[in-house]
Amino acid sequence: MRRLPPLTAVEAFVQVARLGSVKAAAEELALSSPALSRRVQAMERFVGRSLFERRHQAMLLNSDGELLLARLAPALDSLAEAIEMTTGEAELLRLRLAVLPLFASQRLMQRLPELRGLHPELHIDIDTAAHGLSRLGEGVDAAIVLAREVEPSLYSRRLDRNKVVAIGARRLLDGRNPLRAPDDLRRMTIFLHRDMPETFNSWREALRRPDLEPAAVDHFDSGHLMLDAAAQGLGVAFMLDSHLHDANDARLVELFDDVDVDSQYSYWFACRRSALSRRPVRIFHDWLFEAIARD
C-alpha cells in the first residue's frame, strides 16, 4: 500500500480549512490549539509544502491547500459514513433550518424530494420565524435569509443575484386609467417587504427620479401576502424578479419592464463557521449549491 499521512493530521487539516481558525478547529476536535497546530504541520511536512497563509487569528488556504481540500474532504466524509454504517452507528441526521416562507415554497420544497432520495437519513426541521441569523446556534443550525450582506463572523454564501421589479395585477395595464409610466405610481399604493425596505428607493434612484412619490406605502412581513395583494389590484409590490417568475401567477405582470435595476438584496445561505463541520449542514449546503448551479 502507498504510504498515507496520519488520519489525525488529515482530519486536522480539513477542520482548519473549513473553519479558517486553529482555535475553532481545536474546539471542534476537543484538542488544544498547540496540539492541533502540530497535526497541521505534520500534514504539511508529509505533502512537502505549505497549505495555508497564516494571518493573525486566521488560517487561509493557499492554492495548494485549496486543491488538496477539494480532493480530501469528500473522501474523508465518505470514510466517516462508511465506518458509521459498518459499525451500525449510522442514525438519522437532523438539520434545523431557518428559511423565509416565500423562498421555501417557491424554490426549496419542490427540490427536497431529490435531497431525500440522495440522503434518506437527513431530516429537516423547517423554521420560518423571523431573525434567522440571530438565532444561529440557538435552535437553528443554518439559515437562508434575504439581506444586503451577512456579517463576516458567520460563514455565508450568496445564492443568487436579482433585479428589482414593480409587480402588479395584469388588469392595471388596461381600463380607464392604465399604468403606463413610473409617474403613474403617484396615484398608487406600493408594497414593501420589511426585509427589503430600500427596494423602491433604489428603483427610483436608478430612474433618476428621487422626487417620485407613491400615494402611500404599505409594509408586509410576508412575501406571499404581498404577491396576493398585488394580484388583487390593491397596489404595486416592489420585489425581486425571481419572486415574480417563481410565483407562476397569470394574474401578475412586471410593470415598466423597460426599467433595469439591480437589487441590493440577495438570498444567502449562512451558518456559524463551526457548524460546517457537522454532517447535516455540509450535506444540505453542498446539495443546495449543486442544485442551484444546475438551474
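The values are calculated or read from the model by the stated rules, or taken from the named source; none is laboratory data. Keep in mind it's a predicted model, so treat the numbers as computed, not measured. Ideal geometry is used to build each Cβ from the backbone, glycine not excepted, and the neighbour counts take in all protein chains shown. Keep in mind that these areas ignore ligands, DNA and RNA; they rest on the heavy atoms of the full protein, side chains included. Shrake-Rupley method; radii C 1.70, N 1.55, O 1.52, S 1.80 Å.
Which of the numbered conditions does residue 208 fail, given that it passes all the others? Conditions: (1) open to solvent by 40 Å² or more (accessible area, probe 1.4 Å); (2) at negative phi.
Going through the list (1) open to solvent by 40 Å² or more (accessible area, probe 1.4 Å); (2) at negative phi, residue 208 breaks only (2).
Step by step: first the residues of the stretch 241-261, then only those that are among the hydrophobic types (A, V, I, L, M, F, W, C) and more than 25 Å from the chain's Cα centre (by Cα), then the one that is farthest from residue 195 (Cα to Cα). Which residue is that?
Kept after step one, since they are among the hydrophobic types (A, V, I, L, M, F, W, C), are these residues of the stretch 241-261: 244, 247, 250, 252-253, 255-256, 259, 261.
Among the residues that remain, those that are also more than 25 Å from the chain's Cα centre (by Cα) are: 250, 252-253, 255-256, 259.
Working: 250: 26, 252: 22, 253: 22, 255: 22, 256: 23, 259: 22 Å.
Selected residue: 250.
In the stretch 162-183, is there at least one residue being polar (S, T, N, Q), assigned to a loop (DSSP other than H, G, I, E, B) and at negative phi?
Step one: list which residues in the stretch 162-183 are polar (S, T, N, Q), which gives 162, 177.
Okay, now just the ones that are also assigned to a loop (DSSP other than H, G, I, E, B), so 162, 177.
Narrowing the set further to residues that are at negative phi leaves 162, 177.
Looking for residues that are polar (S, T, N, Q), assigned to a loop (DSSP other than H, G, I, E, B) and at negative phi, one finds at least one in the stretch 162-183, hence yes.
Looking at this structure, is residue 192 over 33 Å from the mean Cα position of the chain (by Cα), surrounded by 18 or more Cβ atoms within 10 Å (Cβ to Cβ) and not acidic (Asp, Glu)? Talk me through it step by step, then tell me what you get.
Numbers: over 33 Å from the mean Cα position of the chain (by Cα): no; surrounded by 18 or more Cβ atoms within 10 Å (Cβ to Cβ): yes; not acidic (Asp, Glu): yes.
Against the criterion (over 33 Å from the mean Cα position of the chain (by Cα), surrounded by 18 or more Cβ atoms within 10 Å (Cβ to Cβ) and not acidic (Asp, Glu)), residue 192 does not qualify.
May I ask you to verify whether residue 47 is β-branched (Val, Ile, Thr), closer than 27 Å to residue 152 by Cα and modelled with pLDDT of 85 or more?
Details: β-branched (Val, Ile, Thr): yes; closer than 27 Å to residue 152 by Cα: no; modelled with pLDDT of 85 or more: yes.
The answer is no for residue 47.
What is the residue count in the stretch 252-290 for residues that are more than 30 Å from residue 170 (Cβ to Cβ) and either of a type in the set (Phe, Trp, Tyr) or part of a loop (DSSP other than H, G, I, E, B) (or both)? Spell out the reasoning first.
Here is the first cut: in the stretch 252-290, the residues more than 30 Å from residue 170 (Cβ to Cβ) are 268-290.
Then keep just the ones that are either of a type in the set (Phe, Trp, Tyr) or part of a loop (DSSP other than H, G, I, E, B) (or both); that gives 268-269, 272, 278, 284, 287, 289.
Count: 7.
Output the residues belonging to the stretch 30-64 that are open to solvent by less than 40 Å² (accessible area, probe 1.4 Å) and either out of contact with any helix residue (DSSP H, G or I) (no Cβ under 6 Å at 6 or more places or on another chain) or without any contact (Cβ under 8 Å) to a residue 40 or more places away in the chain (or both). Spell out the reasoning first.
Here is the first cut: in the stretch 30-64, the ones open to solvent by less than 40 Å² (accessible area, probe 1.4 Å) are 35-37, 40, 42-44, 51-52, 58-59, 61-62.
Answer for the stretch 30-64, where residues must be open to solvent by less than 40 Å² (accessible area, probe 1.4 Å) and either out of contact with any helix residue (DSSP H, G or I) (no Cβ under 6 Å at 6 or more places or on another chain) or without any contact (Cβ under 8 Å) to a residue 40 or more places away in the chain (or both): 35, 36, 37, 40, 42, 43, 44, 51, 52, 58, 62.
For the stretch 75-85, does any single residue satisfy the condition of being of a type in the set (Val, Ile, Thr) and either surrounded by 13 or more Cβ atoms within 10 Å (Cβ to Cβ) or at pLDDT 90 or above (or both)? Spell out the reasoning first.
Of the stretch 75-85, the ones of a type in the set (Val, Ile, Thr) are 83.
Then keep just the ones that are either surrounded by 13 or more Cβ atoms within 10 Å (Cβ to Cβ) or at pLDDT 90 or above (or both); that gives none.
No, there is no match, as no residue in the stretch 75-85 is of a type in the set (Val, Ile, Thr) and either surrounded by 13 or more Cβ atoms within 10 Å (Cβ to Cβ) or at pLDDT 90 or above (or both).
Please go through the stretch 209-236 and give me each residue that is of a type in the set (S, T, N, Q) and either in contact with a helix residue (DSSP H, G or I) (Cβ under 9 Å, 6 or more places away or on another chain) or more than 22 Å from residue 105 (Cβ to Cβ) (or both), ordered by number. Steps first, please.
Of all residues in the stretch 209-236, those of a type in the set (S, T, N, Q) come to 222, 232.
Matches in the stretch 209-236: 222 only.
Yes or no: the stretch 262-275 includes at least one residue that is surrounded by fewer than 20 Cβ atoms within 10 Å (Cβ to Cβ), more than 17 Å from the chain's Cα centre (by Cα), farther than 17 Å from residue 142 by Cα and not hydroxyl-bearing (Ser, Thr, Tyr).
Yes, that holds for at least one residue.
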